[in-house]
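Take a look at the following structure, please.
Derivation of every value follows stated rules applied to the coordinates shown; laboratory data play no part. Keep in mind that this is a model prediction, so the values were computed, not measured. A quick note on method: Cβ atoms are made from the backbone with ideal geometry, for glycine too, and the neighbour counts reach across all protein chains shown.
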Amino acid sequence: MNTELLCGKETVKLNLPDSVVQLDMAPAAVLPDPDAVVYEALLNPIESPPLHELARSRKNACIVISDITRPVPNKIILPPLLKTLEESGIKRENITILIATGMHRPNLGEELASMVGQHIMSNYKIVNHDCRDSNDYHKVAEFEGAPIEINRHYLDADLKILTGLIEPHFYAGYSGGRKSILPGISSYETMKFMHSFKIIDQLKDANCNLNNNVFHDYGMQVSKLVGVDFILNVVLNKKRKITGLFAGHYHHAHMAGCKMVYQQAVVHLEQKADLVITSAGGYPLDTTFYQVSKCLTSAKEMLNKGGTIVVVCGCQEGLGSDTFSEIMRSMETPAKFFRHHRDPKNFVIDQWCAQNIFQALDHSGKIYVYSPGLSVKDLNRIGIVKIDNVQAIINKLLPYHTNIFAVPDGPYVVGKVR
């Protein structure tokens, strides 16, 4: 069996025995004319008046978009949306596009142009959310003693619109919808709570699961509190082509999209694997090791305790942020990480993805990583083996493992035992 794993902007080709079970996203038809489908969705949304009716009496609008780490086809979905707003009477200078960076860096210059297109970048007001700028957010609630603070550009808008991508998410169950607000445009203090060791530790088997999901529940509470007038979310296949488009009510439209993602992403398993061969999803998702936590979590959930994981990831920007890199270079073992970061006083930015990586390390017997962008020293420090030849290491592992899964689209495939 021949298979290909995405690695940055390249692929790693493998030849595997037929005994290996390949887990793929279910095939879904690509929308033949996505531009027309967007206009149709804006005219006939789910459980909502058409967008032009909602916009008719509004003076200004805020459109929240995802940052560079999400492959949202903004160049397709934004032009019809912006045109509808302007034709409904909202002046261009009164429209703000707010990038939901969460705690990520801002998207500027050529990177921003690649996201939204040169025309939109040059002609519309675009703001990168800054979770640390206290002038940019207001407090709207308090959960368990923690302040819930949301970007003022969104709160002050007369018309509030969320855009994004619905896909499996290891905290929220599914991305998209309410997640554009919490954590997308939330403050650092809010994120400290939402990404605390305590919250993340509660999220067991959360991928494609909204039941008893505290992360999802808090997101819904905040969405109701601050208001959402309209959402425009997409579902993509593994080639980043649009297979579904869901517009309208922030809950009902999102749930319709989640249903499609479940059918597309969830694979029902008879048993777990001893060896999982996977990819971090390719560019832009695998830009840093920080984002690789997603495929490691997916692999862990379909792996027997003590099993083996082989991961392919580009990581052209290395480990990630300075803070994340510091965590990964100072916490050599899962036990050390858990002991230190269980205390809320020791909270630091990006610790949540480190928490997932150490959970995967704690669960597995060994993790092997092929990555042009990561150093042997950084990986070996936390007990991960860096490899230079994926085929060679798999050939060595095959005789010692019986149940083997190959997951070319690691973060997008969710294996659940029946």
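With a point put 7 Å past each Cα toward its Cβ, work out how far Lys75 is from Glu144 in nm, to one decimal.
Rounded to a tenth, the inter-label distance reads 4.2 nm.
Follow-up question, since we're still on this one. List the trypsin sites (Lys or Arg not before Pro) within the range 159-238 that DSSP assigns to loop and that have no more than 16 neighbouring Cβ atoms inside 10 Å.
Taking the range 159-238 and a limit of 16 other Cβ atoms within 10 Å, the loop trypsin sites (Lys or Arg not before Pro) found are Lys204.
Can you give me the relative contact order of the chain as a percent, contacts being Cα pairs under 8 Å and 6 or more apart?
Relative CO of the chain lands at 21 percent.
So, in the range 338-403, how many Lys pairs have Cα atoms under 24 Å apart, if the pair is 8 or more places apart or on different chains?
For the range 338-403, the number of qualifying lysine pairs is 6.
What 222 nm value per residue comes from the helices of the chain, counting each DSSP H run with n ≥ 4 as -39,500 (n - 2.57) and dividing by all residues, nearest 500 deg cm²/dmol?
-9500 deg cm²/dmol
Counting Lys +1, Arg +1, Asp -1, Glu -1, what net charge surrounds Val21 among other residues with beta carbon under 12 Å of its beta carbon?
Combined, the nearby Lys, Arg, Asp and Glu give -3.
Return the lysines within reach of Lys239: Cα separation strictly under 21 angstrom, same-chain partners fewer than 8 residues apart disregarded; answer none if there are no such residues.
Here the lysines satisfying the reach criterion relative to Lys239 are Lys9, Lys13, Lys75, Lys259, Lys294.
Which log10 I(q)/I(0) values does the range 138-186 give at q = 0.20, 0.30, 0.32 Å⁻¹ under the Debye formula, counting every alpha carbon as one identical point scatterer?
Summing over Cα pairs of the range 138-186 leads to -0.76, -1.10, -1.15.
In nm, to one decimal, how far is the Arg132 label point from the Arg418 one, both placed 7 Å along Cα→Cβ?
5.1
How big, in percent, is the set of alpha carbon pairs in the range 346-405 lying more than 15 Å apart?
Tail of P(r) above 15 Å: 62 percent of Cα pairs.
Given N residues in the range 158-257, what is Rg(Cα) / (2.2 N^0.38 Å)?
This ratio for the range 158-257 stands at 1.06.
For the range 374-418, what does the alpha-carbon gyration tensor say about shape, rounded, prolate or oblate, given a ≥ b ≥ c as the root eigenvalues, a/c under 1.5 as rounded, and a/b over b/c as prolate?
In terms of gyration-tensor shape, oblate.
I'm a student and want to see the number: the projected area of the Cα convex hull of the range 315-365, averaged over all directions, in nm².
Taking the Cα atoms of the range 315-365, their convex hull projects to 3.7 nm² on average.
Follow-up. How much length would be gained if the chain were fully extended between Glu87 and Thr333, taking 0.36 nm per residue of separation minus their Cα-Cα distance, in nm to one decimal?
82.8 nm
Ignoring the sites themselves, what is the longest stretch of the chain with no GluC sites (Glu not before Pro) in a DSSP loop and at most 16 other beta-carbon atoms within 10 Å?
Here the longest segment lacking exposed loop sites spans 145-269.
Report Rg (one decimal) and Dmax (nearest whole number) for the range 34-250, counting Cα atoms only, units Å.
16.4, 47
Taking the convex hull of the alpha carbon atoms in the chain, what volume per residue do you get, in Å³?
It comes to 131 Å³ per residue, whole-number rounded.
Right, another one. Less than 13 Å apart at the alpha-carbon level, and either on another chain or at least 8 residues along: which aspartates and glutamates does that give for Lys204?
Glu301
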